[in-house]
Amino acid sequence: MNVLQTLVVPASPDAVWAIAGDVTGVPAWIPTIDSVRMEGDVRHAVFAGGAGEGRERITEHDDAGRTYVYEYIDGPMEMDSYVSRVTVRDHADGAEVLWAADFTAGSPEADAELATAISGIYRTSLAELALRVAEAR
């Protein structure tokens, strides 16, 4: 199953990437994450509301290309596989943020439920990211 959320932010791509590309700074703009810490290339996330902890491996981080990729290792969400990419690119109105995920949750029903949940998290988080970028200007 695939999910893609995008948002155009009225700021330079570099200004947006300064926040979006900081893999340890995600609690500032992803409301479902309270805190993170890194161990090598593994990001440990503590989820909001006592939802538990999860681990994600950062498999690619390219500042010049303003993109990074991570895969879900384990945590509170039941998934067979999950790979996500965050990209910031030029746009006529500033910067376009693309957040995409490819995942399987074990059944068509579970995939559909997870797609709805992930889309909501991505949409809310991108709106928060735009606010953080505006505050930083």
Note to self: For a Förster distance of 41 Å, can you work out the FRET efficiency between the beta-carbons of residue 39 and residue 92, rounded to the nearest 0.05?
What the structure shows: 0.55
Note to self: Within 14 Å, Cβ to Cβ, of residue 13, how many net charges do the neighbouring residues add up to if Lys/Arg are +1 and Asp/Glu are -1?
What the structure shows: -3
Next item on the list: Report the dimensions of the chain along its three principal axes from the alpha-carbon atoms, largest first, rounded to Å.
Entry: 40, 31, 27
Check: Taking the stretch 60-135, which GluC sites (Glu not before Pro) meet the DSSP loop condition and have no more than 15 other C-beta atoms within 10 Å?
Finding: 78
Checklist line | Net charge, residue 55 excluded, C-beta distance under 13 Å - Lys, Arg +1, Asp, Glu -1 | finding: -3
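FYI, it's all coordinate maths here, none of it is from the lab. Computed from a prediction, not measured in an experiment: that's the story for all the values here. Every residue, glycine among them, receives a Cβ derived from its backbone with ideal geometry; neighbour counts consider all protein chains shown.
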